[in-house]
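Chemist: Got a structure here, written out as structure tokens. Questions coming.
The numbers here are math on the coordinates, done by the rules we state, and not lab data. Quick caveat, the model's predicted, so the values are computed rather than measured. No Cβ is skipped: glycine too gets one built from the backbone with ideal geometry, and neighbour counts run over all protein chains shown.
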Amino acid sequence: MSNVKNMSYDPNAPVDPRVETLVNELIGRVADKWTLLVLEELEDHGTCRFTELGRRVPGISQKMLTQTLRAMERDGLLVRTVHPVVPPKVEYCLTDLGHSLGEAFCGVWVWAEANLEKVARARMAFDALA
């Protein structure tokens with residue numbers, strides 16, 4: 001992550017279309033609440049089984065958990081390990097790439113903590129005008 005801190009943003013610099021595509025895809029992926037919740041659970045608890053993740057992520061259906069895990073695996077954010085036992089034992093854990101995405105979104109949590117009251121006041125002022 002130290003490389004990211006040393007990078008500067010130049011809005012006039014040419015944009016690599018592959019980078020732009022990846023950014024748009026990742027925003028779509030992490031904007032999905034299920035991905036962020038699964039990412040958080042794996043970050044907090046390490047390797048988890050499918051049923052354990054299902055219990056830890058409130059409100060997620062088995063179908064949505066399956067779809068989310070497959071998409072995250074495809075993007076290289078986690079590794080799915082199938083153990084050859086009966087009944088089947090499947091575990092999921094974050095890759096370095098998944099951990100780094102979690103670190104990137106940690107800033108959102110820090111911002112939310114720092115600005116919670118300001119946002120609440122802004123919402124109350126807005127709602128009072130309605």
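Chemist: Could you order peptides 122-130, 47-55, 20-28 by the average number of other Cβ atoms within 10 Å of their residues, highest first?
Modeler: Most protected by this proxy first, the peptides run 47-55, 20-28, 122-130.
Chemist: Output the DSSP H helices from the chain with an along-axis C-alpha extent of no less than 27 Å and a mean Kyte-Doolittle hydropathy no less than -0.5.
Modeler: Span-like helices, by this rule, are 96-129.
Chemist: Here is a further query. Mind jotting down a quarter of the surface of the convex hull over the alpha carbons of the chain, in square nanometres, one decimal?
Modeler: Details: hull surface 47.6 nm².
The orientation-averaged projected area of the Cα hull of the chain comes to 11.9 nm².
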